[in-house]
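Below is one structure; the comments refer to it alone.
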Amino acid sequence: MADKKATIVIKKITVAGGGAHGGAWKVAFADFMTAMMAFFLVMWLLATQSEQTKKAVSDYFSTPSVIEYEFNNYGVELTLEKLFLDLINEPLKVFQAFVNPMDRTPNVMAMGMKKVVQAHLATQLGEIATNVNVTPDTIVFEIPDLYLFKAGTTMPAAQFVAVMDKVKGITTGLQDADVQITSLVYDDSVYGRDPKVARNVAEERLAIVELQIKGSLEHESVGVSGTAVNSRDTRGRGENQAGGGYFKIEIRQRPETKTGKPPRALQDGVFGGTSPEQKSYDDYVSRLSERKSERKANRASNRRPARRE
């Protein structure tokens, strides 16, 4: 009987890619469509929002936080003092401030510390402000009229817009406060030294400045009023008040906020004790003046032609 040989079967398995008819591309296409759907959904949501909402979203990504803003503008010492006071008074608000963007026009009456307010005033107004005084519930400063109007007239000076922008940087973000403007014109600065003419000039100047400040306010909880006066007495004006008069601006915090709670008063520093209020402002202005003089000297030296040997 013959032996039966085993049958050897060879099985070849060929693995081929999906090619054009595979399914791998569907995963990438699905991800792409999901991303496009999310993009158009965001665009649609933005298109249906109000201009105020759009501005808030834009500000969130374009402005620094409160803490970052204060570190950059007022230095570590002042910011740490303010942070300490804020943690005691409003701890939840402080933690929120770490992530919330800074309002472009902060409320100066809510800065917590007198020294921070003085630093902000010095940065904003520089040398144009005189007789600056900061108390727990008021801010007072004066601006010689020569920065705003031509002598003895109601014609705006060349730097009127720039100076008013600086003033509005102080008043625009106010809340639950009253702004009192006093426009004073000396009799001897107007034509004929006539007291009636001086009074009329003071009134017209007041109307212009008052309209500028009212038009820039961001909150309805702020009142603006003014008084126009003339004076024959020019004694005691001093070098800082040279000119035909001045504008006195007084910002006073109201006893209650719109929520019915009393506002937090501006406080002195907590590290290293208190210091005279005016000295902080004067020191800051002196530093600004020195920097300005250095820049002028550098520009003058750069303009000088090189010597030929």
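The values are calculated or read from the model by the stated rules, or taken from the named source; none is laboratory data. None of the values given here were measured: they were computed from a predicted structure. So basically every Cβ, Gly included, is an ideal-geometry build from the backbone, and we count neighbours across all protein chains shown.
Data overview
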quantity: Every residue from the range 123-151 that is touching a strand residue (DSSP E or B) at 6+ places or on another chain (Cβ under 8 Å) and either in a helix (DSSP H, G or I) or of a type in the set (Gly, Ala, Ser) (or both); calculated: Leu125, Ile128, Ala129, Asp145
quantity: Which listed residue is of a type outside the set (Gly, Ala, Ser), under 33 Å from the mean Cα position of the chain (by Cα) and modelled with pLDDT of 60 or more, from Val66, Val57, Val27; calculated: Val57
quantity: Scope the range 188-205; condition surrounded by fewer than 22 Cβ atoms within 10 Å (Cβ to Cβ) and in contact (Cβ under 8 Å) with a residue 12 or more places away in the chain; matching residues; calculated: Asp188, Ser189, Tyr191, Pro195, Arg199, Glu203, Glu204
quantity: Extreme residue, surrounded by the most Cβ atoms within 10 Å (Cβ to Cβ), among residues of the range 214-252 that are modelled with pLDDT of 90 or more and of a type in the set (A, V, I, L, M, F, W, C); calculated: Phe247
quantity: Count of residues meeting criterion [within 30 Å of Lys115 (Cα to Cα) and either without any contact (Cβ under 8 Å) to a residue 60 or more places away in the chain or within 21 Å of the chain's Cα centre (by Cα) (or both)] in the range 137-156; calculated: 8
quantity: Unmet requirement for Leu121, which otherwise passes all of (1) in the same structural domain as Leu211 (by TED's automatic domain parsing); (2) under 14 Å from Glu250 (Cα atoms); calculated: (1)
quantity: Flag if Asp137 is modelled with pLDDT of 85 or more, under 22 Å from Gln175 (Cα atoms) and of a type outside the set (Val, Ile, Thr); calculated: yes
quantity: Meets criteria (in a loop (DSSP other than H, G, I, E, B) and closer than 12 Å to Tyr246 by Cα) for Gly173; calculated: no
